[in-house]
Amino acid sequence: MAWLATQCSQKACSQLMRLDWQTVGRIITRVVDETSRGSDRLDGLERIGIDEISWRKGQRYLTLVIDHASGRLVWAAEGRSRKVVDSFFELLGPQRCAQISHVSSDGAEWILLPVEQHCPNATICLDPFHVVQWATNALDKVRREIWNEVRRSGQKVAAGELKGSRWALLRNPEHLTPTLAAKLAVIAKLNAPLYRAYLLKEQLRMIFHVGYEQAGLLLQHWLQWARRCRIGPFVALARTITYYRADIEATLLHGVNNGRTESLNTKIRLIARRAFGFRSAPALIALSELALGGLCPSLPGRQSW
């Protein structure tokens, strides 16, 4: 039953095995508890990723911890706060906290502060996706400000050209369709500040696609350019990047990011969608740990292929 629950919905399990769906949930919880007692999933952790996922409307979150070495979910709890992260490190204990060498995160203070307090030997690695997302958010803010300014000034032709330019600016150049590429070319001729903001976003993105030495030089040049670009959102972004510069350089050097964490988040969302939602966080945590934490038992009498 536990194996079957990782393959299909609890309703399908209950219909096939002629059990109440609540009984299926209790089986999942019991198997997770029994399997967890047989091994310590927190033992031997060195490189971990910490992130949150929204599992229900109304600001309902789970905090997740994965092991970068195995890609498995090793711990999950309801909530998204410093107190929740503190509880994980308290469970881990001072000796094992000292063994943590790298922690990847999205830069949230409620994650970084507990890591700095509990893990004296850990290097914090800022996730590249979220760094680039800061730039795309800044670019979108610039686009809205310029479009509103042009529209209010009565420049109808220019406003019409800028309208609908969001995807041309936010998509990576290699993914542009001919129509969007043409729109981007019009922006380059029509509005220099907006096109400059686009180039700033692209150069920051390219930092994470080159070697470490070249990336360090690109980051330095990007900061110099952003500080003097006279585009408000990117000047503010330059201050943010400067604040997190050591964490970004650690990501470039060690190659530790939240890619596996985001992949695991997607799988948990699929689990929740397959069940058409969960009434309680413990039920979702139990099934996620069963499916993604290495706790799912093999079928009786079957050899693994």
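Laid out as a table, the results:
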read-out	value
Residue list for region 111-133, restricted to those being over 21 Å from G71 (Cβ atoms) and open to solvent by less than 50 Å² (accessible area, probe 1.4 Å)	L112, P114, H118, V131, V132
Close pairs (7 angstrom Cβ cut-off, 6 or more residues apart or separate chains): under 14 Å from F278 (Cα atoms) in region 1-16, open to solvent by 30 Å² or more (accessible area, probe 1.4 Å) and not charged (D, E, K, R) anywhere	S9/A275; Q10/W21; Q10/A275; K11/W21
L162, sole failed condition from (1) more than 17 Å from A185 (Cα to Cα); (2) in contact with a helix residue (DSSP H, G or I) (Cβ under 6 Å, 6 or more places away or on another chain); (3) buried (at least 20 other Cβ atoms within 10 Å of the Cβ)	(1)
K189 out of contact with any Lys or Arg (no Cβ under 9 Å at 6 or more places or on another chain), of a type in the set (D, E, K, R) and more than 30 Å from R30 (Cα to Cα)	yes
Subset of region 177-232 [crowded, with 16+ Cβ neighbours inside 10 Å, of a type in the set (G, A, S) and within 17 Å of N137 (Cα to Cα)]	A197, A226
Among the candidates G160, G164, G154, residue that is farther than 23 Å from R205 by Cα, over 27 Å from the mean Cα position of the chain (by Cα) and not in a helix (DSSP H, G or I)	G154
Residue in region 238-248 that is surrounded by fewer than 19 Cβ atoms within 10 Å (Cβ to Cβ), over 30 Å from H102 (Cα atoms), at pLDDT 90 or above and among the charged types (D, E, K, R) present	no
Wholly within region 1-94, helices (runs of 4 or more DSSP H) carrying at least 2 residues that are more than 17 Å from P297 (Cα to Cα) and open to solvent by 10 Å² or more (accessible area, probe 1.4 Å)	10-17, 21-38, 82-92
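The values are calculated or read from the model by the stated rules, or taken from the named source; none is laboratory data. Nothing here was measured: the structure is a model prediction, and the numbers come from that model. With ideal geometry, Cβ positions are generated from the backbone for all residues, glycine too; neighbour counts draw on all protein chains shown. Areas reflect the complete protein model, heavy atoms only, side chains present, ligands, DNA and RNA absent. Shrake-Rupley method; radii C 1.70, N 1.55, O 1.52, S 1.80 Å.
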